[in-house]
Every structure is written in C-alpha cells, then in structure tokens.
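The values are calculated or read from the model by the stated rules, or taken from the named source; none is laboratory data. These numbers come from a predicted model, not from an experiment. FYI the Cβ positions are ideal-geometry reconstructions off the backbone, even for glycines, and counts take in every protein chain you see. Calculation scope for accessible area: heavy atoms of the full protein, side chains included, ligands and nucleic acids excluded. Shrake-Rupley method; radii C 1.70, N 1.55, O 1.52, S 1.80 Å.
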Amino acid sequence: MFDKLRTLNEFHNDWKIKVRVTRMWPSNTSDDDSLYRYNLILLDAENFHVQATIDSNVWDIFQEVINEGKVYEISDFLSKKDTRKHRSISSRIYITFNSETMIKPLLGDDTTIALHKFDFVDIGDMIVNAKGYRTGDIADILTDVIGVVEDLEPAQVISSMIGDQTIIRFRITDGRVTVWGKHVKSADLLFNDVLESPVIVILASMRPLWLHGEAVIGTVESSRIYINLENVDIINMRKRIEDGVFWS
C-alpha cells in the first residue's frame, strides 16, 4: 500500500510512495561551484507532484540508483511544509532524503504514472505574475508556459554580474524568452532545420520578470526546455493550430 503524495505532511517519516522521477538537477554553491544538493521532481499516479532534495553528503548513496524518467518505490524520508520563497512547483510539501531513505527501482514502466506534469500559466497571466514578482506582491513560484517559437535569434555572449554568459533569445506567442547558461545546450535544438514546424516548446519552471516595460521569461537552475515533446499538451496545441483556432 502506497501513500499518496497529496497526503504527505510534516508529522511523519514512515511514508512509502510509488513515483516517477520526472526531472533532476543539481544545485551548486556560488563560491566554488561545488555540489551542495540534488533536486528531483516526483510524480505519482494521481498526477500530483512534489520536489525532493538530497544533500550532497548522501547523494553518493543514491546517484547510481536514481535515473530521470524511471519509477521507484521510496520509503523512510522526511516531508516538510514548503515555506521557501522560491519554489520550482506549486506543491506546498517537499521531501528530503537521508541515509535512512530506501529507494527501490521498479522493473518495467508504469503507465499509470505520466512521464511529465506541467502547471501551465496563460501568457497574459504570466505578465501579471511578472509584475507581481517585481513588487513582491505574490510568491516567487516558477512558471510553466507552452507556445510556438518565433523570432529565434542567434546565440550571443553578454557580460553579467557572474561573468560572460552565452544566451539565446526567442519569442513564444506574446511572451519574451531568454535562455542562458547551462540551458543553452538544450535550446540548441531550436536551430535544427528538421524540426517539425511549427516548433512548439514547453518551458518548465521559468522565472517571469518585468524588464524595460515587457514581460521576460528567464531560466533558473531548475528550468527545462522541452521541444516538440510527444505529449498531449503539444499534440492538442498543434491540432488547434492546424484547425486555425490557436489564437482564439
């Protein structure tokens, strides 16, 4: 019997869950760029997701076991109320693995658990959110956006507070996107001439910003760019475009 992610709370540590790891990324220190924790997004059969963190001192225990996209039975971990200002997903609970946590890979693929989950924000709402983040009126929860790529610009190098950064800029519908740093490699696929057209992207865990009078979507360490993903959201959008109802 497995516990549901939506039932997790900070009062117990004897949980047992069955989840897919949909996304993974490291967090590094700002001084010497060393790993201080690993982050995972976990999704269950109810299509509920939470973020999990693994401190660097126990990551070695799990790094050979955990793979993005796979399904696991996970037990004996801590769940906490997420009061952090910056959150990659909307869930109010997050999980912490420790040396007592048990992670068991499950053979085969469980089709009851989706490969991805996205909490899409309409571009118009994203603009409102961008203004709210600037003024501090709303919490800094990152945004998932879907749209058609337009006005793709060549990669360029700019100077920033953290040194020179390679960036790629493009527009999706009426929102501006800036891709920089380690995400440029995944965005390189946008320059592939054999991509099915129109190119539809899902931008996961993006940060809306309000700069120079317009809404800009920027990447952070947890951001991920999915290009022409074979999932229902992109399939449905492509069909709406073909039917001529995309802009309605």
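Put simply, the amide H of residue 48, placed in the peptide plane, has no neighbours under 5 Å, leaving out anything fewer than 5 places away on its chain. Note on the chain: with a GNM built from Cα contacts shorter than 10 Å, the maximum mean-square fluctuation among 53, 166, 111 falls on 111. Across the stretch 189-205, rounded Karplus estimates of 3J(HN,Hα) from the backbone phi angles (6.51 cos²θ - 1.76 cosθ + 1.60, θ = phi - 60°) give 4, 5, 8, 7, 5, 8, 4, 4, 10, x, 7, 10, 10, 10, 10, 9, 6 Hz, Gly and Pro being marked x. For residue 228, the shell of other residues with beta-carbons less than 11 Å away shows a net charge of -1, using +1 for Lys and Arg and -1 for Asp and Glu.
Before I look further, what does the chain give for accessible area per residue, probe 1.4 Å, in whole square angstrom? Mind dumping the intermediate values first?
Numbers: 13330 Å² over 248 residues.
Per-residue value: 54 Å².
Just add up the charged neighbours of residue 91: K/R +1, D/E -1, any other residue whose Cβ is under 9 Å from the Cβ of residue 91.
Details: positive: 6, 87, 92; negative: 82.
That sum, taken over residues with Cβ under 9 Å, equals +2.
Placing 20, 169 in order of accessible area, with the largest value first and a 1.4 Å probe, yields 169, 20.
Taking a temperature of 10 °C and a viscosity of 1.306 mPa s, what whole-number D in µm²/s does Stokes-Einstein yield for the chain with Rh from Kirkwood over alpha carbon pairs? Can you show the working numbers first?
On the way: Rh = 19.5 Å.
The calculation lands on 81 µm²/s.
Using θ = phi - 60° in the Karplus curve 6.51 cos²θ - 1.76 cosθ + 1.60, the 3J(HN,Hα) couplings for the stretch 8-17 round to 5, 8, 8, 9, 9, 9, 9, 6, 9, 10 Hz; x is entered for Gly and Pro. Where a ≥ b ≥ c are the square roots of the eigenvalues of the C-alpha gyration tensor, would you call the stretch 66-117 rounded, which needs a/c under 1.5, or, failing that, prolate if a/b is larger than b/c, or oblate? Since a/c reaches 1.5 but b/c is at least a/b, the shape of the stretch 66-117 is classed as oblate.
Pairs of Lys residues in the chain that lie 8 or more places apart, or on two chains, and have C-alpha atoms under 18 angstrom apart add up to 17.
Note on the stretch 1-142: antiparallel DSSP beta bridges, both residues inside, total approximately 80 percent of the bridges counted.
Using the Cβ-Cβ distance between residue 159 and residue 242 with R0 = 51 Å, the FRET efficiency computed as 1/(1 + (r/R0)^6) comes to roughly 0.75.
Amide H to amide H distances under 5 Å link residue 15 with 76, 77, where only residues 5 or more positions off or on other chains count and H is placed in the peptide plane. Here r is the Cβ-Cβ distance between residue 128 and residue 166 and R0 is 25 Å; the resulting FRET efficiency, rounded to 0.05, is 0.25. Between residue 233 and residue 3, full extension at 0.36 nm per residue minus the direct alpha carbon distance yields a gain of 80.0 nm. Secondary structure note: in the chain, about 85% of the DSSP beta bridges are antiparallel. Surface composition of the chain: carbon plus sulfur atoms hold 51% of the accessible area, using a 1.4 angstrom probe and ignoring ligands, DNA and RNA.
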